Amino acid sequence: MALSKKDISDILSDIAVLLELKGDSNPFKVRAYQSGARIIDALDDERFEQLVAANELGTVPGLGEALVSKIGELKATGKLVFFDTLKASIEPGLVEMLQIPGLGPKKIKAIHLKLGVTTIERLKEVCDQGLVAELAGFGEKSQQKIIEGIKNREAYSKRHWWWDASVIAEPIVQGLRALPGVKRAEAAGSLRRSLETVGDLDFIAASDEPGPIVAWFTTLPGVKEVTAQGETKASVRFESGLQADLRIVPDAQFVFALHHFTGSKDHNVQMRQRALARGMSLSEWGITAVEGENQAKLQKTIPSSVRDEKALFAVLELNYIPPELREGMGEIDAAEKGELPDLIQLSDIRGVFHNHTTASDGHNTLSEMAKAAEALGLEYFGIADHSKSSFQANGLQVDRLLEQIEAIRAFNKSGQSKCHVFSGSECDILADGDLDFDDSILAQLDYVVASVHSSLTQEEDIATKRTIKALENPYVTMLGHPSGRLLLKREASKINLSKVIDAAIANDVIIELNADPRRLDLDWRFWRKAADKGLKCSINPDAHQTETLTYVKNGVGIARKGWLTKHHVINTLGLADVKNVLLKKKASASKRK
Ligand code: DGT
Ligand code: CA
Ligand code: CA
Ligand code: ZN
């Protein structure tokens, strides 16, 4: 991806800041980068590109040889070894401190040298102890400002689970659409792309009278602060720290704004390049013919009105690309060849596995859960309470598991619910890869979800072997939350997921896409390739109460990001077919015994 003029000047300013932070003894060097950034900013885009192409940047007054060669390297490779080395040579904590308002490189350097501070946590401690106020050039006031800055940074810089963001966004979209004068409104950005976490919300509305819409948006309930306000746009911050941008455009521009602000950035860059290659210029405002010999001809091929995204993609000779795929990861190529997948939809889901009840750590009983599943229109409902080693989650001992199997049989017989209940277990994979129940017990279940809940800090080869050993147990139907990550909270375990995926395929084991908004595990980035190799997916809500069965929606969004169709996902099968799949697995298990 070619770097823009702005990208390059940003990097030059960053270099100046980093040099200062590092305490480079040559102030001229720092200034050379600062002024280099300013000089480039002042050139107009086209002139800059021409100079680069003609190798004539050196003729610009103020740009020395060193800078010219660095810009050349950035243009040619998209990287700068000098910049990367410089960054790597500085404590990352110090670089992070630059994000705190009022803290520049000089002050950070002073705090680092005098108090030995290298992390933001430690910085907070020394501020709380009053040590920063005592440093020369600081004082009480600037210390207080740093404390405030750290607090705000925690609240505002954090990303949010997609689910939480969508709960806030949905009523806003509905509210916008209901306003008089709003012709169309949509949420864009990472939320629309169904990314697992969301930095901020982006709304686009079509209207000729933006004033009242801005007023409505900035006074929404829950708005804690209006961070920006203009005639056609506004930004607000909600109690949770989540920020939201609104842009209001004329209806004719809506589709271009929607496409642009849906992103991703990588997708947009590739779309613009494709447009340019065809003599067209695509932006958030519209699509036009670039000046030149073909201009007149092109003007005729570009329709006078592009009303929806399907039409926009068609101008660039592409099939419609669903937002979830717009990550710049091959979707444009596939759209050109007509090879985009027919993505799974929420309505394809016919049942759900991996749910908990009051027998372990769930909040609702078997019958409450089954009836809630029935109310959602599901044909089957799988229970998978924790096994005995998960004592912190009230895991079931063998006798309680056998009782539950009986209770489920009785429930199915009673005809209380049209939803068929499968008896399963979320069976712990013990530290050595053995399962928490003997095969003779597992054989009595309809299915088994095998999950790791303990010894999460094993080294990669041990963790990988442990999980693969569990997959080789013929009674294991599916692998639960394979990486063990908790988004924004806990890193994934060290485990080689590519090897785990291959082992799952070899052993005819399904891998779950755990749809709990905090997990979304297996990550979408693995699914496309894995599914191509033959891996089957189960979208599992891991519900611990009736209300969270709807997490399946989050799981479907992530499955779509992973290019999955309904044929890859086992719980799109109807009851009879799914029963067959489970019976076949059990039959092959008993044969192998
Ligand atoms: P987020 O908010 O961090 O979860 O991610 P996004 O994708 O919602 O990013 P955001 O809110 O900064 O911007 C929304 C979209 O606007 C982004 O996906 C693509 C577009 N966009 C923003 N900045 C740029 C840019 O510098 N270049 C291009 N080509 N597109 C941009
Ligand atoms: Ca966003
Ligand atoms: Ca935004
Ligand atoms: Zn679990």
Rounded to the nearest 10 Å², what accessible area does His363 show when all protein chains are kept and the probe is 1.4 Å?
-> 130
Around Glu324: net Lys/Arg minus Asp/Glu count, Cβ-Cβ under 12 Å | +3
Sequence of Tyr380, Tyr475 from largest to smallest accessible area, 1.4 Å probe = Tyr475, Tyr380
Once the whole set of protein chains is in place, how much accessible area is left on Val173, using a 1.4 Å probe, in Å² to the nearest 10?
-> 10
Ranked order, His112, His160 - accessible area, probe 1.4 Å, largest first = His112, His160
Any chance you could look up the accessible area of Phe526 with a 1.4 Å probe, heavy atoms only, rounded to 10 Å²?
-> 70
Do the alpha carbons of any pairs in Lys158/Lys337; Lys75/Lys300; Lys70/Lys561; Lys106/Lys151; Lys533/Lys584; Lys465/Lys529 sit beyond 31 Å of each other, and which pairs?
-> Lys158/Lys337; Lys75/Lys300; Lys70/Lys561
For segment 288-348, which GluC sites (Glu not before Pro) are in a loop by DSSP, counting at most 16 other Cβ atoms within 10 Å?
-> Glu291, Glu293, Glu317, Glu339
Per residue, what accessible area does the chain have, given a 1.4 Å probe and all protein chains present, in Å²?
-> 47
For Glu336, placing the label point 7 angstrom along Cα-to-beta-carbon and taking segment 246-288, residues whose amide nitrogen sits under 16 Å are 267-280
Expressed in µm² per second, the diffusion coefficient of segment 348-592 from the Stokes-Einstein equation, with Rh the Kirkwood radius over alpha carbon pairs, at 20 °C and 1.002 mPa s, is 122
Averaging 1/r across every pair of distinct alpha carbons in the chain and inverting yields a Kirkwood hydrodynamic radius, in angstrom, of 27.7
Taking the chain as the reference, fit the longest principal axis to its C-alpha atoms, fit the long axis of helix 366-375 to the helix C-alpha atoms, and give the angle between the two in degrees, 0 to 90, nearest 10.
-> 60
Please give the helix 5-22 orientation as an angle from the longest Cα principal axis of the chain, in degrees from 0 to 90, rounded to the nearest 10.
-> 90
How about Lys536: which aspartates and glutamates have a C-alpha closer than 17 Å to its C-alpha, ignoring those fewer than 8 places off in the same chain?
-> Asp342, Asp348, Glu472, Asp502, Asp508, Glu512, Asp521, Asp523, Asp577
Measure off, as a whole percent, the carbon and sulfur share of the 1.4 Å-probe accessible area of segment 5-156, all protein chains present.
-> 53
Can you send over the carbon and sulfur percentage of the accessible area for segment 348-592, probe radius 1.4 Å, protein chains only?
-> 51
Carbon and sulfur %, accessible surface of segment 256-337 computed with the full protein complex present, 1.4 Å | 51
Sort Trp161, Trp285 from largest to smallest accessible area, using a 1.4 Å probe on the heavy atoms of the protein chains.
-> Trp285, Trp161
Helix 162-178 versus the longest principal axis of the chain: what angle, 0 to 90°, nearest 10, using Cα atoms?
-> 70
Spatial separation of Cα centroids for segment 437-492 and segment 374-428, in angstrom | 19
Spin-label model distance (nm) - Ser304 vs Ala492, 7 Å beyond Cα toward Cβ | 5.2
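The values are calculated or read from the model by the stated rules, or taken from the named source; none is laboratory data. The model shown is predicted, which means the values in this text are computed figures rather than measured ones. Because the Cβ atoms are built from the backbone with ideal geometry, glycine has one as well, and the counts that use them run over all protein chains shown. Quick note on the areas: whole protein, heavy atoms, side chains included, nothing else; ligands and nucleic acids left out. Shrake-Rupley method; radii C 1.70, N 1.55, O 1.52, S 1.80 Å.
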